[in-house]
Amino acid sequence: MIDPLSSERGRLRKTILARRDLVPPATRLAHSERIAAALLADPVFRQKKIVCIYCHFRSEVQTALLIDHCLDRGKTVCVPVCMPHEAGMAAVAITDPTADLAPGYQGIPEPLPLLARTRTVEPAAIEAAVIPGTVFDRNGHRLGYGMGFYDRFLVLAPRAIRIGLAFSCQMVEHLPVREHDIPMDMVLTEEETTVWPERLRVRDRSV
């Protein structure tokens, strides 16, 4: 028997991804630059020293500029490495995206295997996690790609503020959520930044 919730989530994921894919590349770049500028100017994010930022893939909000600026500001920048056989994810520090990254799981840019063995950062040390998704809603709920990598990783990183990046075409009013789904503390699009202060206070208490 098909789970109605899974069916609805799958339908939403497919619909919104198709919508995101239709955004012209030049527009995606311009919107991504606007989103990066808004996050870099955010006073909460600016004070974080150890950050984990996804490497964009396909039509996601682009993060190359954000990563470069964070490195220039002296932040420790970690990039996710997916471990599909363990249904998990690790965070690995990089210093030079051009030299340190190569296509990994499903072609997504990831740190080189040598770095994954020598520069892994404990999730509990991460102060901010910048996260992709397929769909976000007005309550900060997120629908990922169906593997649950980020949800499991964030459980191990209780002090990290959870920051979702999306284009406005990825926003809906309400998502059908599951108990294990972890909401964002902030969601940024090219049009707005939405913050849930009560969730940020929980991060502060986790320090």
If you go through region 34-61 one residue at a time, how many are farther than 21 Å from I108 by Cβ and not small (G, A, S)? 11
Taking interchain pairs and intrachain pairs at least six residues apart, which have beta carbon atoms under 8 angstrom, with the first residue in region 1-25 and under 16 Å from F136 (Cα atoms) and touching a residue at least 40 places away in the same chain (Cβ under 8 Å) and the second open to solvent by 50 Å² or more (accessible area, probe 1.4 Å) and β-branched (V, I, T)? none
Could you go through region 133-142 and let me know if any residue there is crowded, with 21+ Cβ neighbours inside 10 Å, of a type in the set (G, A, S) and under 17 Å from the mean Cα position of the chain (by Cα). yes
Of the residues that make up region 107-124, is at least one at pLDDT below 95, of a type in the set (V, I, T) and open to solvent by 60 Å² or more (accessible area, probe 1.4 Å)? yes
Condition set of a type in the set (D, E, K, R) and open to solvent by less than 50 Å² (accessible area, probe 1.4 Å), scope region 75-106, selection farthest from V51 (Cα to Cα): answer is D100
Filtering region 143-188 down to residues that are more than 21 Å from M83 (Cα to Cα), open to solvent by 20 Å² or more (accessible area, probe 1.4 Å) and not in a loop (DSSP other than H, G, I, E, B) yields S168, C169, M171, V172
Taking region 41-87 and keeping only residues that are over 13 Å from A128 (Cβ atoms), assigned to a helix (DSSP H, G or I) and either at pLDDT 95 or above or β-branched (V, I, T) (or both), one is left with A41, A64, L65, D68, H69, L71, D72
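The values are calculated or read from the model by the stated rules, or taken from the named source; none is laboratory data. If you're wondering where the values come from, they're calculated on a predicted model, not measured in any experiment. Positions of Cβ are backbone-derived with ideal geometry, glycine not excepted, and every protein chain shown enters the neighbour counts. Ligands, DNA and RNA are stripped out before the accessible areas are found, and what is left, the full protein with its side chains, is counted by its heavy atoms. Shrake-Rupley method; radii C 1.70, N 1.55, O 1.52, S 1.80 Å.
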